[in-house]
Structures are given as structure tokens and as C-alpha cells.
Amino acid sequence: MKVEESRNQEGELVGYLVTSPGSGATVCFYKDKWYFNGDFDKPTFRPSMLIYPNNLHGRDHFFVTDGRIEYLSDSDHALSGKTVDMIDVI
């Protein structure tokens, strides 16, 4: 699946998991911080996701719109500035 629910130990929904093909990192769009359109086939999340994989160096910055990942040009990987299809959550 391209989006998976993330739940806490009590089984309560906390957010939605997405894997970035640019960095390979799996991130959580927390339900209380990001808008989610509710469509697991063509998800949209707002605002953008900004992460620094491994907390060492690099940057992964993207939007998810209608099931595609739009990388911003400030991302530090080969997909910077490109829009690609989502991949399954790893």
C-alpha cells in the first residue's frame, strides 16, 4: 500500500505512513498536523513534508498530491525538482 495507518499502542489512529522514493525514508503525516484528503489510492497531504534522513546530512522536502510525490528543488537527492509516483510503504 502507498499509505498505511499509524496507530499507537492503544490502537488510536495517530497518522499516515508514506515512503519517499527520493531518500527511502518512511515518514508519518500526523493527523493533528497535516491535512489528509482521505483517499488511500490518490492521497493528498498538506503542508509539505521536510525531513533530514538519518539526522546526518541531506534534505528531503516534498508535497504529496493526488498520489504523486512532488519534490521541491531544495531536496538533496536525484529526484529533486521532479514529480514521481508514490511507492509502497517499506
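The values are calculated or read from the model by the stated rules, or taken from the named source; none is laboratory data. Just so it is clear, the model here is predicted, and its values are computed rather than measured. Because the Cβ atoms are built from the backbone with ideal geometry, glycine has one as well, and the counts that use them run over all protein chains shown. Accessible surface is based on the protein model in full, side chains and every heavy atom, while ligands, DNA and RNA are left aside. Shrake-Rupley method; radii C 1.70, N 1.55, O 1.52, S 1.80 Å.
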Check: If you scan the stretch 21-41, which residues turn out to be small (Gly, Ala, Ser) and modelled with pLDDT of 95 or more?
Finding: Gly38
Next item on the list: Give just the number: which of (1) out of contact with any helix residue (DSSP H, G or I) (no Cβ under 9 Å at 6 or more places or on another chain); (2) touching a residue at least 40 places away in the same chain (Cβ under 8 Å); (3) not small (Gly, Ala, Ser) does Phe45 not satisfy?
Entry: (2)
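Hey, could you check the stretch 1-12 for residues that are more than 23 Å from His77 (Cα to Cα) and either part of a strand (DSSP E or B) or of a type in the set (Lys, Arg) (or both) and say which is least open to solvent (accessible area, probe 1.4 Å)?
Our first condition is that a residue be more than 23 Å from His77 (Cα to Cα); within the stretch 1-12, this holds for 1, 4-12.
Keeping just the survivors that are either part of a strand (DSSP E or B) or of a type in the set (Lys, Arg) (or both) gives 4-7.
On the way: Glu4: 70, Glu5: 86, Ser6: 27, Arg7: 125 Å².
Taking the candidates together, the pick is Ser6.
For the stretch 75-90, state whether one or more residues are assigned to a helix (DSSP H, G or I), in contact (Cβ under 8 Å) with a residue 24 or more places away in the chain and within 13 Å of the chain's Cα centre (by Cα).
The initial filter retains those residues of the stretch 75-90 that are assigned to a helix (DSSP H, G or I), namely none.
Taking every residue of the stretch 75-90 in turn, none turns out to be assigned to a helix (DSSP H, G or I), in contact (Cβ under 8 Å) with a residue 24 or more places away in the chain and within 13 Å of the chain's Cα centre (by Cα).
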Checklist line | Output for the stretch 20-36, where each listed residue is over 18 Å from Asp88 (Cα atoms) and open to solvent by less than 60 Å² (accessible area, probe 1.4 Å) | finding: Trp34
Notebook entry, point to check: How many of the residues in the stretch 1-42 are small (Gly, Ala, Ser) and touching a residue at least 40 places away in the same chain (Cβ under 8 Å)?
Noted result: 4
Next item on the list: Select, from Leu17, Leu56, the only residue that is modelled with pLDDT of 95 or more and closer than 20 Å to Ile90 by Cβ.
Entry: Leu17
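May I ask you to list the residues in the stretch 13-52 that are basic (Lys, Arg) and more than 21 Å from Ser75 (Cβ to Cβ)?
Lys31, Lys42
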Margin query: I need every pair where a residue in the stretch 61-73 that is among the hydroxyl-bearing types (Ser, Thr, Tyr) has its Cβ under 7 Å from the Cβ of a residue that is open to solvent by 50 Å² or more (accessible area, probe 1.4 Å), sequence separation at least 6 or different chains.
Written below: Tyr71/Gly81; Tyr71/Lys82; Ser73/Gly81
